[in-house]
Amino acid sequence: MPTTRILLIRHADSHHKADAVNAGPRTCRGLTDLGRTQAANLRTRLATEQHTDSPVYSSVIPRALETARILTDHPVTQDCGLCTYHLPDWADGMTWQQIRAQHARPDGGLYHPFQDGNESWAELVIRAAKTLTTL
């Protein structure tokens, strides 16, 4: 029986990190120059390990998609199930400090979202696991 190998690759250095904001689909400005260099270096490494013909999947967040497109010349399949926390639209572009100050939930934890309109840690894990099993 053939085996499937899945490489999980986080996006390279991005503007949202430098800007210290939560950047979702609306406000993400993609990778920094350093991030593009990191992704190109990873592409070279993956080629030496013979991963150049593997299918590539990405979340819909621009920094992840840009990383994926640098890694391959093949089409990249986007899947929202690969996103990190599904933050509500109002949180896109806000800092974590702003989100906590304005929308924190005292009952937040493993099974309850930490902020209004967010998903819990358990919901994130279930969503990501379902996505990975369908790949």
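The values are calculated or read from the model by the stated rules, or taken from the named source; none is laboratory data. For clarity, every value in this text was computed on a predicted model and none was experimentally measured. Because the Cβ atoms are built from the backbone with ideal geometry, glycine has one as well, and the counts that use them run over all protein chains shown.
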- Task: Considering only residues that are aromatic (F, W, Y) and in a loop (DSSP other than H, G, I, E, B), look in the stretch 85-135 and name the one that is farthest from H16 (Cα to Cα).
- Result: Y111
- Message: I'd like to check something: does the stretch 38-55 contain any residue that is of a type in the set (A, V, I, L, M), surrounded by 14 or more Cβ atoms within 10 Å (Cβ to Cβ), at pLDDT 95 or above and within 11 Å of the chain's Cα centre (by Cα)?
- Response: no
- How do the pairs read when you match residues in the stretch 66-92 that are touching a residue at least 24 places away in the same chain (Cβ under 8 Å) with residues anywhere that are assigned to a loop (DSSP other than H, G, I, E, B) and hydroxyl-bearing (S, T, Y), using Cβ under 6 Å and keeping only pairs 6 or more apart or on different chains? L82/S59; C83/S59; D92/T27
- Task: State which residue is modelled with the highest pLDDT when the search covers only the stretch 85-95 and only residues that are exposed (fewer than 15 other Cβ atoms within 10 Å of the Cβ) and not hydrophobic (A, V, I, L, M, F, W, C).
- Result: T95
- Query: Which pairs have Cβ atoms under 8 Å, sit 6 or more apart or on different chains, and link a residue in the stretch 94-118 that is within 15 Å of G24 (Cβ to Cβ) to one that is of a type in the set (K, R) and assigned to a loop (DSSP other than H, G, I, E, B)?
  - Reply: Q115/R105
- State all residues of the stretch 96-126 that are buried (at least 17 other Cβ atoms within 10 Å of the Cβ), of a type outside the set (S, T, N, Q) and in contact with a helix residue (DSSP H, G or I) (Cβ under 7 Å, 6 or more places away or on another chain); if no residue qualifies, say none. I99
- Of (1) touching a residue at least 24 places away in the same chain (Cβ under 8 Å); (2) more than 26 Å from E123 (Cα to Cα); (3) of a type in the set (S, T, Y), Y57 satisfies every one except (2)
- Conditions (1) over 28 Å from T133 (Cβ atoms); (2) not in a helix (DSSP H, G or I); number of the one not met by R10: (1)
